[in-house]
Every structure is written in C-alpha cells, then in structure tokens.
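Data first, discussion second: the structure below is written as structure tokens.
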Amino acid sequence: MNIHEYQAKQVLKSFGAPVAEGVAITSADEAESAARSLPGPLYVVKSQIHAGGRGKGKFKELGPDSKGGVRLSRSIEEVVANAREMLGNTLETKQTGEQGKQVNRLYIEDGADIDRELYLSLLVDRAVGKVAFVVSTEGGMDIEAVAEETPDKIINVPIAPMDGVTQDDAAKICDALELTGQARDDGMTLFPILYKAFTEKDMSLLEINPLIVMENGRLRVLDAKVSFDGNALFRHPDIKALRDETEEDAKEIEASKYDLAYVALEGDIGCMVNGAGLAMATMDIIKLYGKSPANFLDVGGGATTEKVTAAFKIITADPNVKGILVNIFGGIMRCDVIAEGVVTAVKEVGLKVPLVVRLEGTNVEKGKAILDQSGLDITSADDLDDAAQKIVKAVG
Ligand code: ADP
Ligand code: MG
C-alpha cells in the first residue's frame with residue numbers, strides 16, 4: 001500500500017525525523033490560511049498524487065508550457081494562484097503514464113534554503129536478505145539515470161537485523177553522503193530513526209529524494225515516498241487508515257474485498273485462473289500466441305461460487321477486455337464451482353466478448369456439463385495451447 005508524501009512525512013515526524021511544517025488542503029479556499037500558518041517568506045505548493053517526478057511534470061489542461069506539480073512560491077498570493085491552477089487538474093509525470101493523475105490534494109509546505117540535495121532510500125535487499133540503505137550524493141534528480149550512467153555514485157549499506165543501525169553503519173552512510181559538521185551529527189541521529197520507522201511500520205520501501213543539507217547546515221527530509229507491506233497491514237490500523245482509494249485502480253479495490261489476487265495490466269485478454277504459477281503460465285502463453293493479458297487474476301485454491309462470480313464481474317467490467325480465458329486446474333478447487341460462478345456471473349452481467357474455458361481436474365465432467373447446459377456461448381478447450389490459440393483467434 002502506498003501513501004501520500006504529506007502522510008509519509010507525518011509518520012516519519014512521529015519517529016523524530018526532521019521534516020518541514022506544512023498543511024494539506026483539498027480546496028483552493030484553504031490555501032491562504034494554510035500559507036499564513038507557515039513562517040514564510042518561501043512556500044512550496046506540492047501536488048499529492050501517488051507518483052513521483054511531480055516537479056518535472058506537466059498539467060495536461062495547461063498545455064506544453066505548463067509549470068510543474070511542485071511550485072516554489074514567494075508570497076501568499078502566489079501560493080493561492082498556484083493552488084487554483086493545480087487543484088482538479090491532471091498531472092502527467094514520468095511515473096503516471098500518459099493518462100496522468102488528477103490532483104485532488106495539495107501540500108503547502110515551508111520552503112527550505114537548499115545547499116545540497118541527496119538521495120536516501122531504505123528497502124529490503126533480497127540479495128543479502130537484509131534491509132539496506134541505498135544512498136547517493138546525486139539527489140533530487142532521476143535516480144534511475146544515476147544508476148545507469150554513474151552506478152559507482154550509488155552506495156549500498158546493508159543492516160544486520162540483530163544489531164540494527166550501528167555507529168559504524170551510520171558513519172558509513174555519512175561518509176557516502178559526504179556529510180560533515182552539524183549535518184553529520186544530524187545524520188548519525190536520523191539514520192537509526194529511519195530504520196526504526198521502516199521496520200516497526202513494516203515498510204517495503206522508504207525513499208527520500210531529496211534529503212537535503214540546508215544552508216544552515218541541518219538535514220531535512222524534503223520528499224518522502226513510502227510503501228507498506230500489504231500482508232502486515234492488519235497489525236497497523238493507523239497506517240491502514242491512511243489508504244487513499246481514489247489513488248488506486250477501482251478493479252483492484254473490488255478484488256481486494258473478495259481477497260482475490262488481482263493486478264490490472266495493459267492487454268486485452270481477461271484471464272481467470274487458479275494458482276499464481278498457472279496464472280503466470282497462462283499470461284506467458286497468451287503472449288506466445290501474439291496477444292497480451294488484461295490482468296493477472298488468481299482466484300485461489302478454495303474459492304467459492306461468490307468469489308468466482310466477483311472475479312468474473314471484475315474482468316467483464318474492464319472495457320479493455322476483448323476476450324476472456326478461464327483456465328482452471330481443479331485440485332482443491334473444483335471445476336463445477338468455477339462453472340457455476342461463470343454461469344451466475346454471465347447471467348447477471350451478460351457476456352459481450354468471446355469466452356474460452358479450459359477445465360481440468362476435480363469434477364471436470366460436472367463442470368463441463370454445467371457449462372453445456374447453461375446455453376451460453378462458450379468455447380471449450382482441452383489444454384493450455386489449445387485454449388490460448390482459441391482465445392487469441394476469437395479476439396482477432
Ligand atoms: P518530485 O520528486 O515528485 O518531483 P519533490 O518533493 O522531490 O517532488 O520536489 C521536487 C524538487 O522541488 C526538489 O528536488 C526540491 O528541489 C524542490 N522542493 C521540494 N520541496 C521543497 C521545499 N519544501 N523547499 C524548497 N524546495 C523544495
Ligand atoms: Mg522527489
């Protein structure tokens with residue numbers, strides 16, 4: 001689960017990390033009083049969307065000369081003018097894709113006098129089986145470009161889980177970031193704090209780009225992007241409450257209500273499969289025969305008719321779906337349950353695209369009989385190859 005920058009900063013602040021003062025607003029009328037509550041004279045108006053690269057982004061409605069999604073403002077009037085121009089419009093950045101994201105919330109923040117912009121992230125480094133700091137002196141800009149062009153400028157400091165961040169680790173990070181004086185003292189305190197926040201809140205990613213050294217020599221978290229491990233959310237009701245469903249794919253939200261493993265993709269063949277491995281194989285074979293899957297969907301091992309019905313409805317509601325492939329290997333999952341789910345869903349929502357069903361395993365005959373007797377226009381397939389070829393051909 002992802003959260004907004006202003007929420008991430010609140011979480012980090014609660015652990016003692018230095019962040020700027022700021023106020024989140026959802027209407028331009030609130031901009032003036034938000035700015036007045038800050039020290040000034042420099043303010044920053046920041047779009048709150050679940051995507052990075054906002055500073056260099058453009059608002060679609062404002063044309064090619066549009067200013068970005070993070071704007072320095074030198075007076076309260078400028079804050080208000082910027083807020084009016086940004087709220088409700090669609091920001092397109094490197095990370096949003098072409099459709100962009102509507103900006104429904106702004107963070108009005110105290111402006112900082114920046115001396116240096118650094119990069120710092122914390123992630124689970126699976127290669128070493130540890131949480132690691134990834135840092136670079138080349139902050140503020142596109143870290144992917146730094147990784148590509150000057151990989152030696154990115155330094156990885158893994159943390160031993162039993163020890164946490166030791167003085168040695170913190171010093172290593174300070175060295176990598178070339179911190180001296182007050183900034184170094186701040187770093188020695190900040191890095192253990194960030195690690196504590198990361199592990200206690202079950203984050204899967206914490207990215208601060210930039211972490212800045214201010215002209216007064218102090219460190220400050222200027223941007224913050226945090227993702228949490230969805231499987232651990234049950235033990236963090238405070239974090240769960242930060243979820244902003246308007247930022248998420250509506251189909252994925254619906255799927256999560258039914259505990260379905262669903263990921264929306266770009267292609268046009270909807271897939272309903274049981275088991276993640278079979279789902280991956282199904283997606284691969286669709287690709288092999290020249291089309292792309294519209295989604296990853298694993299209905300799981302012991303799905304009920306209701307769950308299958310919900311899954312089928314989510315697939316059919318997607319306007320990109322030009323054909324559906326149901327591929328079930330019945331082990332614990334019974335083929336007749338799948339067949340009943342498909343028939344129930346089609347009766348409720350109709351079927352406007354070709355449907356190919358391949359059933360195999362437990363109760364396969366019963367399942368096929370249910371489909372045959374339903375009177376629905378279903379193409380049945382015998383194996384994975386046959387199924388993929390049939391649906392690709394039907395979609396054309
Ligand atoms: P994004 O990464 O989405 O573009 P950032 O929060 O990193 O958004 O902001 C982009 C740039 O704007 C930063 O690299 C920094 O130079 C500047 N900036 C952001 N917040 C502030 C602030 N509070 N004070 C001064 N400059 C800021
Ligand atoms: Mg940033």
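The values are calculated or read from the model by the stated rules, or taken from the named source; none is laboratory data. These numbers come from a predicted model, not from an experiment. Cβ placement follows ideal geometry from the backbone for every residue including glycine, while neighbour counts extend to all protein chains displayed. The accessibility values were calculated without ligands, DNA or RNA, using every heavy atom of the protein model including side chains. Shrake-Rupley method; radii C 1.70, N 1.55, O 1.52, S 1.80 Å.
Are any of the residues in the range 156-167 assigned by TED's automatic domain parsing to the domain that holds Glu138, open to solvent by less than 10 Å² (accessible area, probe 1.4 Å) and assigned to a strand (DSSP E or B)? The answer is yes, given that some residue of the range 156-167 is assigned by TED's automatic domain parsing to the domain that holds Glu138, open to solvent by less than 10 Å² (accessible area, probe 1.4 Å) and assigned to a strand (DSSP E or B). The number of residues in the range 313-339 being within 22 Å of Asp383 (Cβ to Cβ) and either modelled with pLDDT of 90 or more or not small (Gly, Ala, Ser) (or both) comes to 16.
Kindly indicate the residue of the range 43-57 that is open to solvent by less than 30 Å² (accessible area, probe 1.4 Å) and more than 14 Å from Tyr107 (Cα to Cα) and also nearest to ligand 2 (Cβ to nearest atom) among those meeting that condition. Only one residue tops the list, namely Gly52.
All of (1) open to solvent by 40 Å² or more (accessible area, probe 1.4 Å); (2) touching a residue at least 24 places away in the same chain (Cβ under 8 Å); (3) closer than 22 Å to Gly396 by Cα hold for Ala264 with one exception: (1). For the range 63-80, filtered to residues that are open to solvent by less than 60 Å² (accessible area, probe 1.4 Å) and more than 9 Å from ligand 1 (Cβ to nearest atom), the residue that is nearest to Leu222 (Cα to Cα) is Ser73.
To keep it simple, each residue is scored yes or no on (1) of a type outside the set (A, V, I, L, M, F, W, C); (2) within 19 Å of the chain's Cα centre (by Cα); (3) within 17 Å of Val70 (Cβ to Cβ).
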| site | (1), (2), (3) |
| --- | --- |
| Lys94 | yes, yes, yes |
| Gln99 | yes, yes, no |
| Asn104 | yes, yes, yes |
| Tyr107 | yes, no, yes |
| Ala112 | no, no, yes |
| Glu117 | yes, no, yes |
| Ser121 | yes, yes, no |
| Val124 | no, yes, no |
| Val128 | no, no, no |
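Close Cβ contacts (under 6 Å, 6 or more residues apart or on different chains) running from residues in the range 221-240 that are not assigned by TED's automatic domain parsing to the domain that holds Gly55 to residues that are within 15 Å of ligand 2 (Cβ to nearest atom) and open to solvent by 20 Å² or more (accessible area, probe 1.4 Å) comprise Val221/Val19; Asp223/Asn209; Lys225/Glu207; Ser227/Asn2; Ser227/Leu205. Condition check for Tyr195 on (1) open to solvent by 50 Å² or more (accessible area, probe 1.4 Å); (2) more than 19 Å from the chain's Cα centre (by Cα): one failure, at (1).
Annotation: Leu12 fulfils all but one of (1) within 16 Å of ligand 2 (Cβ to nearest atom); (2) aliphatic (A, V, I, L, M); (3) surrounded by fewer than 20 Cβ atoms within 10 Å (Cβ to Cβ); the unmet one is (3). Considering (1) of a type outside the set (A, V, I, L, M); (2) within 13 Å of ligand 2 (Cβ to nearest atom); (3) more than 14 Å from Glu207 (Cα to Cα); (4) open to solvent by 60 Å² or more (accessible area, probe 1.4 Å), say which one Glu109 fails and leave the rest. So the condition that Glu109 fails would be (4).
Among the residues of the range 137-155, those that are within 25 Å of the chain's Cα centre (by Cα), within 16 Å of ligand 1 (Cβ to nearest atom) and not in a helix (DSSP H, G or I) comprise Glu138, Gly139, Gly140, Met141, Asp142.
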